[in-house]
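Colleague: Would you mind keeping the following structure in view while I ask a few things?
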Amino acid sequence: MSSSIDAYVEAALALHFPALSDEAAARVKAQFVRIAQLAAPVLAYHVDADDEPAPVYRP
């Protein structure tokens, strides 16, 4: 598990859910790892300053 994800989740849980069990906290950390894995390909995609977003659909 990434140490930055682990540190973030630890801090967020301590602030918002201080009474959360260790088992539940481990499940939350696992979900954050999955989210990071899903986001990695999107964040790795190179976008140039000249790239334009898709036009807005107007019926």
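Colleague: With +1 on each Lys and Arg Cβ and -1 on each Asp and Glu Cβ, and nothing else charged, work out how big the dipole of the chain is about its Cα centre, in Debye to the nearest 20.
Modeller: It works out to roughly 280 debye.
Colleague: Also: Which entry in [x] 17.6, 52; [y] 13.3, 47; [z] 11.7, 37 matches Rg and Dmax of the Cα atoms in Å derived from the coordinates of this structure?
Modeller: [x]
Colleague: Using the alpha-carbon atoms, what tilt in degrees (0 to 90, nearest 10) does helix 3-16 show relative to the longest principal axis of the chain?
Modeller: Between helix and principal axis, roughly 70 degrees.
Colleague: Here's something else I'd like to know. Using alpha carbons only, how many degrees (0 to 90, rounded to 10) separate the axis of helix 22-44 from the longest principal axis of the chain?
Modeller: Compared with the principal axis, the helix lies near 20 degrees.
Colleague: Add -39500 (n - 2.57) for each DSSP H run of 4 or more in the chain, then divide by its residues: what number comes out at 222 nm, to the nearest 500 deg cm²/dmol?
Modeller: Computed mean residue ellipticity for the chain: -21500 deg cm²/dmol.
Colleague: Quick check: net charge around Ala36, other residues with Cβ under 13 Å of its Cβ, Lys/Arg +1 and Asp/Glu -1?
Modeller: Counting the neighbours of Ala36, the net charge comes to +1.
Each value in this text was obtained by applying a stated rule to the coordinates, not by laboratory testing. These numbers were taken from a predicted model, which means no experiment stands behind them. Every residue, glycine among them, receives a Cβ derived from its backbone with ideal geometry; neighbour counts consider all protein chains shown.
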